[in-house]
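I am attaching a structure below and will ask some questions about it afterwards.
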């Protein structure tokens with residue numbers, strides 16, 4: 001989706017309510033965005049004749065509508081139905097479509113809860129942390145007791161997503177819950193990492209001293225921090241920061257602030273992308 005997209009069809013006066021996402025769409029590009037961003041929600045319910053009628057009447061996409069009606073008559077799979085819409089608009093690159101097809105193949109046979117969890121996982125993997133948080137929270141609100149094996153992993157991933165958004169207090173709370181339910185070492189370590197980012201060093205040390213049950217895990221956390229420091233020292237970012245320090249120490253404030261502004265702008269862009277709705 002890196003190429004410039006030309007608008008296809010007409011902007012609808014009456015929106016189509018996309019039930020799977022719980023929102024209205026006003027043009028085929030908005031529809032494509034939802035389909036491409038949420039591949040785990042693609043199922044037989046996507047194949048709605050009212051959607052085809054909306055594309056015909058509101059968006060004036062008669063050729064696309066005819067193609068979709070023919071698919072109904074042949075009894076196609078949901079993936080083919082979605083591919084037809086994406087191909088018509090040129091919304092997705094070949095790589096994007098292949099990724100969506102892989103998701104559809106991998107989700108075959110999963111129940112609704114596992115699909116919803118994987119949708120959250122997909123969003124987090126692609127850096128859409130805010131949307132992932134919403135997906136996990138929504139899933140936790142409907143998960144029955146019968147799905148108790150799934151609950152710890154949802155809490156874990158929700159905690160990780162919150163930490164990626166610098167919400168360390170919420171992240172620590174969810175990761176602690178995941179650890180208490182599963183006793184998985186990974187959840188315990190990431191819980192302590194979230195605490196370490198949230199608390200002052202003195203408060204964190206005091207917490208570990210008061211909670212000896214976390215002592216062994218805290219030692220593993222420190223090893224991970226040391227490894228991370230060593231890896232960072234070899235990165236381009238570290239070399240750049242070292243160069244900036246030289247600029248500052250030599251009084252070259254113009255170059256120093258120019259580069260600092262570039263770094264801040266890039267970090268802001270990355271953060272906006274991660275919290276985008």
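The values are calculated or read from the model by the stated rules, or taken from the named source; none is laboratory data. As the structure is a prediction and not an experimental result, all values here were calculated from the model. Backbone-built Cβ (ideal geometry, glycine too); neighbour counts: all protein chains shown.
Which of the residues belonging to region 238-258 are in a helix (DSSP H, G or I) and loosely packed, with under 10 Cβ neighbours inside 10 Å? If you could, list the steps in order and put the result at the bottom.
Filtering region 238-258 down to residues in a helix (DSSP H, G or I) leaves 238-249, 253-258.
Of everything in region 238-258, those that are in a helix (DSSP H, G or I) and loosely packed, with under 10 Cβ neighbours inside 10 Å turn out to be 249, 254.
Related question: Quick one: in region 21-45, which of the residues that are surrounded by fewer than 18 Cβ atoms within 10 Å (Cβ to Cβ) and more than 17 Å from residue 96 (Cα to Cα) is modelled with the highest pLDDT?
Among those residues, the one meeting the criterion is 26.
Moving on to the next point. Among the residues of region 1-19, write down those that are within 21 Å of residue 130 (Cβ to Cβ) and modelled with pLDDT under 70.
In the first step, residues of region 1-19 are kept if they are within 21 Å of residue 130 (Cβ to Cβ); the result is 1, 18.
The one that is within 21 Å of residue 130 (Cβ to Cβ) and modelled with pLDDT under 70: 1.
Among the residues in region 116-134, are any farther than 14 Å from residue 161 by Cα, in a helix (DSSP H, G or I) and in the same structural domain as residue 162 (by TED's automatic domain parsing)?
Taking region 116-134 as the starting set, the residues that turn out to be farther than 14 Å from residue 161 by Cα are 116.
From what is left, the residues that are in a helix (DSSP H, G or I) are 116.
Narrowing further to those that are in the same structural domain as residue 162 (by TED's automatic domain parsing): 116.
Yes, some residue in region 116-134 is farther than 14 Å from residue 161 by Cα, in a helix (DSSP H, G or I) and in the same structural domain as residue 162 (by TED's automatic domain parsing).
Can you find, within region 8-20, the residue that is surrounded by the fewest Cβ atoms within 10 Å (Cβ to Cβ) among those that are in contact (Cβ under 8 Å) with a residue 12 or more places away in the chain and in a strand (DSSP E or B)?
18
Could you check region 21-42 and list, in sequence order, the residues that are free of Cβ contacts under 8 Å to residues at least 24 places away in the same chain and under 20 Å from the mean Cα position of the chain (by Cα)? Can you show your working first?
Just the residues of region 21-42 that are free of Cβ contacts under 8 Å to residues at least 24 places away in the same chain, to begin with: 21-26, 30, 34.
Listed by number, the residues that qualify are 21, 22, 23, 30, 34.
Still on this structure: Among the residues of region 141-167, how many are over 19 Å from the mean Cα position of the chain (by Cα) and assigned to a loop (DSSP other than H, G, I, E, B)?
Number satisfying all stated conditions: 4.
Of all residues being in a loop (DSSP other than H, G, I, E, B) and within 13 Å of residue 43 (Cβ to Cβ) in region 93-115, which is nearest to the chain's Cα centre (by Cα)? Just the residue, please. Give the derivation first.
First, the residues of region 93-115 that are in a loop (DSSP other than H, G, I, E, B): 93, 107-111.
When the remaining residues are screened for being within 13 Å of residue 43 (Cβ to Cβ), the result is 107-111.
Details: 107: 17, 108: 21, 109: 23, 110: 20, 111: 21 Å.
The residue in question is 107.
Can we say residue 170 is assigned to a helix (DSSP H, G or I), without any contact (Cβ under 8 Å) to a residue 60 or more places away in the chain, in the same structural domain as residue 151 (by TED's automatic domain parsing) and closer than 27 Å to residue 38 by Cβ?
Working: assigned to a helix (DSSP H, G or I): yes; without any contact (Cβ under 8 Å) to a residue 60 or more places away in the chain: yes; in the same structural domain as residue 151 (by TED's automatic domain parsing): yes; closer than 27 Å to residue 38 by Cβ: yes.
In short, yes.
Is region 48-61 home to any residue that is in a helix (DSSP H, G or I) and touching a residue at least 40 places away in the same chain (Cβ under 8 Å)?
Taking region 48-61 and keeping what is in a helix (DSSP H, G or I), we get 49-57.
Checking which are touching a residue at least 40 places away in the same chain (Cβ under 8 Å) leaves us with 54-55.
For region 48-61, residues in a helix (DSSP H, G or I) and touching a residue at least 40 places away in the same chain (Cβ under 8 Å): present.
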